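What follows is a short report on a single structure.
Nothing in this text is a laboratory measurement; each read-out follows from the coordinates by a stated rule. Note that the structure is predicted; figures quoted are calculated from it, not measured. Backbone-built Cβ (ideal geometry, glycine too); neighbour counts: all protein chains shown.
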Amino acid sequence: MEQTIKKLENIFKIVKKEKGKRENLNILEVEKDSLHAVLSYLRDNESFKHLALVSCVDWIEDNKFQLSYILWSYQRRVNLIIKIFIDRDKPEFKTIMNLFPQAEVYEREIKELYGVNFEGNPTQDEEFVLEDWDQIPPMRRDFDTLKYSNEMFGDRDSEVKKTNIRKIISDYTDEWRRK
Amino acid sequence: MKEFKREDREVKLFVGPQHPGVTGNMSFEITLEGDTLTSVKTHVGYLHRAFEKLMERRLYIQNFPLVCRICVPESDTNEENYARALEELAGIEVPERAKWIRTLVLELSRLQMFIRWMGGIAGTMGLSTAPQWAIGDRDYILDLFEELTGGRIYHIYILPGGVRRDIPEGFEERVLKVMDYIEKKLPDYDDLIFENSVFKKRLIGLSKLDPAWVEEIGVTGPVARACGFPFDVRKEQPYEIYDKLDFDIITETGCDMYSMALVRRREIDLSINLIRQIIDKMPKGEVWTPLPNVLYWKIPAGETYVKTEATRGEFGYYVVTDGSDKPRRIHVRGVSTPHAYTLLERLVPGMNISDFSVTIVGLQTCPPEIER
Amino acid sequence: MDIKGILKPLTAWKRAFKPPHTIEVPNKVTREGAERYRGFHVNDMDKCIGCGTCAAICENEAIKMIPINDPDKGNSGYRPRIDYGRCCWCALCVDICPTGSLEMTNEYTWVRETGDEFIFTPGIDIIGHEDKKDKGFKKDDKLNFLHLERVPMRELDPKERTQTFAEAVLGYSEEEARAEAERCVGCGLCISGCPDRMHIPDYIRAIAEGNDQKSLNIIYENNPLPEMCGKVCTRRCEFECSLGHLGEPVAIRWLKRYVVEQFDDLKKYVDAKPEPLNGKKVGIIGAGPAGLTAAYYLRLKGYETEIFEAAPKAGGMTFLGIPKYRFPIPSLDKQVELIESVGVKINYNSPVDSKKFKKIYDKYDAVFIATGAPKGMSMRIDGEDHPKVLAAIDFLKTINLGGTVDIGKEVVVVGGGNVAIDAVRVSKRLGANSYIAYRRRVVDMPADEEEIEATEAEGIPIYTQIIPLRVEDGPKGKVKLIYGKAKMVQEKEGARPRPVLIEGKEYEYVVDSIIVAIGQRPDLDFIPEDIRNKLEMEKRIIKVDKRQMTNIDKVFAGGDLANWTADAISAIADGLRAVKGIELYLSSKK
């Protein structure tokens, strides 16, 4: 695997190399412009033919979305996660449908749940699981599910709020507590 | 009312969202020319429970009651994946015996799922005797689960660090008894289903795959194995103690629905075999490594992708942690996603409408894992 | 033609003659769930302490704590109520329950007419499953989310430590402290045991997270003598710890000690910013824990505070009474330094007599008396005024002030409290062959369990059920303690058994010194007689209200002379209450 990464490094710019916590897992961060070339190189020359998953992670603190492409080589029995970061304010990227047709659905899901636009994906604007959604994409970290649920459906049982036993115990017989 | 003209040869139909067999609620928009399908569009969303989002606001341990509900009939693969991902990221060692028990649970789960599927595929073709047998026989395995884990469907049994309880006394014998019982019943299923000439007539040649598609669109599990590809996570990346068990990957070469059915039928034999091996070789010892205080358990930042061989294929969890006490992102790779979309769209053109639901069940699509 | 394929399915007909899988349910007897089935909850009310840990782990918020009884020490009075509309039967609550009271039965059917009835409090609301308690999902010894074993504390070897006054307990290392702090489930029941209501779970959490300074500042919110407490506190909190029900309580005292030990110069790390002086003055008599606490927090609030202390050092009994192998002087100095750094003025070596008291009373806007209980109680037996009979408190005081006491080679210490233990361990360190004589049994000893263990480890015998009768002159300048044996009599059900003298037989210890440690009492001679006569007393202590106010205008009292618990943390709590009381009193007076 190290040889493959070396070869990759010779051709492309690898931003960051990480070793997974498991023997056969490697994580590579590449520049977003070279992603298509990296993926097609890995698929055609290095036997990483199986794209298991396309995923998105919201790093709201850094104002970035991480796109992860999880590859598997049946011959070498190695997992490779290729990741790129895109701007969270302008969440746009290009589809990889031409390389891996099944990515169409994954991208469609990411479009709906994170609002990342995949240029070239014809079905990404169709509804995937949500219907008539009028809020921000729900998997973004700044979408508050509890608040939405309370506003939308009302608080089923306002009593079910968690009781803070700590506070009750501290307050008990304690009118002279300093704080 | 729109006047129907002979020129409007194409008709659009909605199938679902009721269960089109034993899969779960999903709907299909199919286009017909006569009774021949020309295209299909899959729609999910009827079972969306926002699990991935919910998991991001809960403690690691609190997600166990959630993950097991991602694929209802096969909860253990979810627990296994999630637990293994956390163990990997947090660096927790699992005691040897716990690994064996986990494998036992996973195989029992696989077995009951395939038995249920046997009933399902026959049921979709109108052979309603089979589902009744299957549900009845599957219940004996659920009884075992109840005894071992305390729950019949949602086990919440595999936790990071091991399993929740040790095997109760005499459990091994009862497992073997159920295995004997099921093995005795299997020839009946063969007579009723797999050697049934109607079943064969309908399935042989149905939904014939081009083997090139398997690698192209990421098909896994029995579907890939029916095309001769020896793809099985249990062998290619042995988790728990699969490397200590003696078995071969089951493949067929027909590339059609009947081959897929045969793969699954042979998987039942394999599971029974594996369960016997596990019970035979299971070591003694601890079943649990203590976790840190679960109410404040923080896992160092990192990411991993773990996978398990579910009945449908490669079931994966992509887990990203950020060092806090809650996961940053958990993405579940539902096996059925490529099957129910990309593969189905390629299989459908030219298919007879009566074979459509058989195809869906034959691919063993499971919408809850597509939408989570 | 596939004849076989057509005929074979027909063999299914043979099943028509077989019994069905389903079972008939005769006479409303249902199938029983498995031994570990996760059914409905039951809660043992005798065991449940209402710690709320079940509610904390419940991911569905199905468990809500509702008030049932009045709160008590170590028991919040709340009990979990379960909403089965939310419950998913994961039983994580059962596995984390610190007392093991919450369990599940193997019952899985429960029929009611309305959905509201599916919200119920197990143990309070009877639903008819209670008798099936013996089966169902129970806590397992092997799988435990709780960490029941304490990180052991390193100590000096008992043989080595009897030779020296160096600290016997070594304190946690960083790793040990983090591991110990990690055990806390954060329920907060410990707070109910602490007289000072310290924010225990918060500072323990901060330690577990590696933030020692945050922890230090949380501690300083209501305790200006944390290192003292970390070393010698009576740790009432630990007896209420929810983990103590099935295992060992969290070592709260050692954790506090760990935190303060991490900082040599507290002034740099404690976030103590005194407010500008507001012109009001408070005079404090006695620089013990109560006096120091009141002075420190009053000064932070902008009052000018001045302490009058008879001893050359602050600390009161913690300086004079507690031996140095438990509480070394540098630890004390570092804390007093911080208190002085915020502007508290301490007059050392200035004992207060009745004349001075009058002056203080006139000069200050409020007076806080915290002179403690410096006088040893007597055994009330003949010959007690023998020169070889010492009061333990005087003995310890002299040693701590650097003096010497000729106790000879053999010493008997009468008493079973912490002071007796201190006295006997100190005399052992001075080279005497010393032992304890106590009226009751070892289990009845009021001294701290760990202290008793340490004493035994040091090879000090504890003789029990001994009732001193009289003191006589012994041979060769020795002294004789004549005593009788006692039998324990259970007079009332549930009451502490009482030692009763077995008449007729007498025994004796022939020793060089007898140290008496059977309690102390306050000394109020310094208060002018006219005030003292008006001062309302409660037996031998001063009576105060919940603001530490006495019945004399301007006068507040706290510490050992005003409470019966007579330990440092109660004194600190008194001091803190006095701060609020004085603040309220002075702000209302204008």
Neighbouring partner chain Cβ atoms per residue of B:120-131, average, 10 Å criterion: 1
Restricting the range B:142-237 to trypsin sites (Lys or Arg not before Pro) in coil, as DSSP defines it, with at most 16 other Cβ within 10 Å: B:LYS208
Listed residue pairs exceeding 25 Å between alpha carbons, taken from C:LYS375/C:LYS539; C:LYS356/C:LYS534; B:LYS184/C:LYS14; C:LYS397/C:LYS487: C:LYS397/C:LYS487
Sequence-distant residues sharing a close amide H with C:MET537 (under 5 Å, placed H): C:LYS543
Inter-label distance, nm, simple model (7 Å from Cα along the C-beta direction), C:ASN211/C:ARG540: 4.7
Principal-axis tilt of helix C:568-589 within chain C, Cα atoms, nearest 10 degrees: 80
In sequence order, calculated HN-Hα J values of the range B:306-311 (Karplus, 6.51, -1.76, 1.60; Hz; x Gly/Pro): 10, 9, 9, 7, 8, 5
222 nm mean residue ellipticity, helices alone, for chain C (DSSP H n ≥ 4; -39,500 (n - 2.57); rounded to 500): -8000 deg cm²/dmol
Separation between Cα centres of the range C:64-85 and the range A:47-88, rounded to whole Å: 47
Residues with amide H under 5 Å from that of C:ARG150, placed H, sequence gap 5 or more: C:GLU248
Relative contact order (%) - criterion: Cα under 8 Å, at least six apart; region: chain C: 12
With at most 15 other Cβ atoms within 10 Å, longest stretch of chain A clear of loop GluC sites (Glu not before Pro) (DSSP): A:32-125
The range B:10-371 shape via C-alpha gyration tensor axes, a/c threshold 1.5: oblate
Overall form of the range B:198-336 per C-alpha gyration tensor (a/c, 1.5; a/b vs b/c): oblate
Three-way shape call for the range B:156-208 based on the alpha-carbon gyration tensor, with the a/c threshold at 1.5: oblate
Shape parameters for chain C, alpha-carbon atoms, Rg then Dmax in Å: 30.9, 126
C:VAL489 versus C:ILE502: modelled label distance in nm, points set 7 Å from Cα along the beta carbon direction: 1.5
The range B:223-278 versus the range B:104-135: alpha-carbon centroid distance in Å: 17
Percentage, to the nearest whole number, of Cα pairs in the range C:28-117 over 24 Å apart: 23
Calculated Rg and Dmax of the range C:376-520 using C-alpha coordinates, Å: 14.8, 48
Under 5 Å, built H, 5+ apart or other chain: amide partners of C:ASP72: C:GLY77
Using alpha-carbon coordinates, inclination of helix C:252-261 to the longest axis of chain C, degrees: 60
Two-decimal Rg to Rh for chain A - Kirkwood Rh, Cα set: 1.16
Computed over the range C:23-132: relative contact order in percent, which uses C-alpha pairs under 8 Å that are six or more apart: 35
Between 0 and 90°, nearest 10: helix B:96-124 axis offset from chain B longest Cα axis: 20
Part-to-part distance (alpha-carbon centres) for the range C:149-163 and the range C:495-552, which is given in Å: 34
Positive dipole terminus of the protein assembly as shown, leading residue within C:CYS97, C:CYS190, B:SER207 (C-beta point charges): C:CYS190
Cα-centred dipole magnitude for the range C:158-269, charges only on beta-carbon of K, R (+1) and D, E (-1), debye, nearest 20: 300
Farthest positive-ward along the protein assembly as shown dipole, Cα basis, beta-carbon charges - from A:VAL129, C:VAL414, B:LEU186: C:VAL414
Neighbour-limited loop hits for GluC sites (Glu not before Pro), the range B:317-372 (at most 15 other Cβ within 10 Å; DSSP other than H, G, I, E, B): none
Average other protein chain Cβ within 10 Å of Cβ, residues B:282-295: 4
Percentage, to the nearest whole number, of Cα pairs in the protein assembly as shown over 58 Å apart: 32
Contact order normalised by residue count of chain B, Cα under 8 Å, 6+ apart, percent: 26
Binned Cα-Cα distance frequencies in the range C:158-269 - 5 Å width, integer %: 2, 12, 23, 24, 19, 10, 6, 3, 0
Debye, to nearest 20: dipole size of the protein assembly as shown, +1 on Lys, Arg Cβ, -1 on Asp, Glu Cβ: 2100
Calculated FRET value between A:GLU2 and B:LEU13, using beta carbons and R₀ = 56 Å, to 0.05: 0.55
Separation in nanometres of the label points that stand 7 Å from Cα toward Cβ, at B:LYS177 and C:ASP134: 2.2
